[in-house]
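Asks: One structure is given below, represented as structure tokens, and several questions about it will come after.
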Protein chains: 2
Amino acid sequence: MGRWEPNARGRLEQAALELYVERGYDETTVAEIAKRAGLTERTFFRHYADKREVLFGGAGVLHDLFVDAVAAAPADAAPIDAIAAALDAAAGMFQDRREFARRRQGVITANPELQERELIKLASLSAAIAGALRLRGVAEPGASLAGEAGIAVFKVAFDRWINQPDQSDQAEQRDMAQFVRESLAELKVVTAGV
Amino acid sequence: MGRWEPNARGRLEQAALELYVERGYDETTVAEIAKRAGLTERTFFRHYADKREVLFGGAGVLHDLFVDAVAAAPADAAPIDAIAAALDAAAGMFQDRREFARRRQGVITANPELQERELIKLASLSAAIAGALRLRGVAEPGASLAGEAGIAVFKVAFDRWINQPDQSDQAEQRDMAQFVRESLAELKVVTAGV
DNA sequence: AGGGTGATGACAGGAACTGACATCGCTCCT
DNA sequence: AGGAGCGATGTCAGTTCCTGTCATCACCCT
């Protein structure tokens, strides 16, 4: 296994997740991740800016998914409906990845540094949604607030989807789209006032 | 200036902000901060967990302010109204600190690591609001969503208050409470749907 | 005066990250 | 075929963040 094995990034991401799960984020060294991936520490830092970033390689596709879905919504759709469409698309993307998402989220939840990184990724998503809404003619501060609201729903729905009790009957597992709809409805209730 | 000069934390916070403003966060070393405060690097880390935390010494009082205000709202007030009261209290706290807030926020905006830290502080505030709402009998996921919504309004209002154009006539400067009300109203509009 | 206590200093060291330069494998051009 | 070019990787040295450990100092209490 010399140089030039293909898919260095994929190997690094898998090695990192494995080690973070096995022994914890703090107790894992970048040199160890690189070694398990058959690379050196220096090469790790050529692929990822830091030790945290290796867990967030998929952030870009989620970003595009949100932006595209908001842009693709009917021109006369209200901001909240464009966001609802984007959230549905996001839920679909996670459809068959619950176990992976669970393992990964467990690592993140166990470490504040990783939570910080996740939060800035979500903030970036929020800003992207706001930008896409502005392109649809939504003015500030409405666009930013709608973006924040959308991410709030995403966070809550994702958390509930990940942490729902396991059902012995696989068919009874609720999928993320259900939690998204439930959370969005609840947000409307709670912001409406009396 | 031997040991035992009083208010070590205050000196560290002031020295850090000054240096972060003067030469940037990345270009400032913890040893330099400690030296300006008349202390050593090791002592810096006894007062603050890391180089970022020194900018967030005031987070605790904001936390208490939010929790207390939510708890103090009339028992029959809707969640969104309890949050509105908390936001008003927060706006009052910043009343005479706009210039300080501006300088500090400029440093944070210029650096992703600091933005991450700020985001996790705000997430902690959101969770605290949700907890206070649950004590008022608000069920999940409504409590969490209301907490997130409250922080979203706070973020947007704070940003607009900080970045509003300077008026030659001091009296024309809008205060944060106005931005809070405006943002909260806009959130209601944008989440209401058609 | 002397002991206790809490804050600080001094020192060593690990790990994260960066810059500079060498090396390797592939591709393209002639 | 052979070499030039190029991008990915390896090697090494160095800085900074952060931590553990132990000594030292100022104050307080008796």
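Asks: Looking at A:75, A:82, can you tell me which residue is open to solvent by 20 Å² or more (accessible area, probe 1.4 Å), touching a residue at least 12 places away in the same chain (Cβ under 8 Å) and within 14 Å of another protein chain (Cβ to nearest Cβ)? Before the answer, list the steps.
Replies: On the way: A:82 fails: open to solvent by 20 Å² or more (accessible area, probe 1.4 Å).
Of the residues listed, the single one that is open to solvent by 20 Å² or more (accessible area, probe 1.4 Å), touching a residue at least 12 places away in the same chain (Cβ under 8 Å) and within 14 Å of another protein chain (Cβ to nearest Cβ) is A:75.
Asks: Looking at the range B:161-178, is at least one residue within 11 Å of chain A (Cβ to nearest Cβ), in contact (Cβ under 8 Å) with a residue 40 or more places away in the chain and either of a type in the set (A, V, I, L, M) or under 28 Å from residue A:191 (Cα atoms) (or both)?
Replies: First, the residues of the range B:161-178 that are within 11 Å of chain A (Cβ to nearest Cβ): none.
Among the residues of the range B:161-178, not one is within 11 Å of chain A (Cβ to nearest Cβ), in contact (Cβ under 8 Å) with a residue 40 or more places away in the chain and either of a type in the set (A, V, I, L, M) or under 28 Å from residue A:191 (Cα atoms) (or both), which makes the answer no.
Asks: For residues that are within 13 Å of chain A (Cβ to nearest Cβ) and free of Cβ contacts under 8 Å to residues at least 24 places away in the same chain, tally how many sit in the range B:89-115.
Replies: Within the range B:89-115, the subset within 13 Å of chain A (Cβ to nearest Cβ) is B:108-109, B:111-115.
Applying the additional criterion that residues be free of Cβ contacts under 8 Å to residues at least 24 places away in the same chain yields B:109, B:112, B:115.
So the count comes out to 3.
Asks: Residues that are without any contact (Cβ under 8 Å) to a residue 40 or more places away in the chain and within 16 Å of DNA strand C (Cβ to nearest atom): does the range B:50-71 have at least one? Lay out the reasoning, then the answer.
Replies: Taking the range B:50-71 and keeping what is without any contact (Cβ under 8 Å) to a residue 40 or more places away in the chain, we get B:50-51, B:58, B:60-61, B:64-65, B:68-69.
From the residues that got through so far, the ones that are within 16 Å of DNA strand C (Cβ to nearest atom) too are B:50-51.
The answer is yes, given that some residue of the range B:50-71 is without any contact (Cβ under 8 Å) to a residue 40 or more places away in the chain and within 16 Å of DNA strand C (Cβ to nearest atom).
Asks: I need the full set of residues from the range B:125-144 which are closer than 18 Å to residue B:57 by Cα and either open to solvent by 60 Å² or more (accessible area, probe 1.4 Å) or not assigned by TED's automatic domain parsing to the domain that holds residue B:75 (or both), in order please.
Replies: none
Asks: Going by what's in this entry, would residue B:88 be described as assigned to a helix (DSSP H, G or I), more than 21 Å from residue B:52 (Cα to Cα) and modelled with pLDDT of 95 or more? Working first, answer last.
Replies: On the way: assigned to a helix (DSSP H, G or I): yes; more than 21 Å from residue B:52 (Cα to Cα): yes; modelled with pLDDT of 95 or more: yes.
Yes.
The values are calculated or read from the model by the stated rules, or taken from the named source; none is laboratory data. All values derive from a computational prediction rather than experimental measurement. Every residue, glycine as well, gets a Cβ built from its backbone with ideal geometry; the counts of neighbours run over all protein chains shown. Quick note on the areas: whole protein, heavy atoms, side chains included, nothing else; ligands and nucleic acids left out. Shrake-Rupley method; radii C 1.70, N 1.55, O 1.52, S 1.80 Å.
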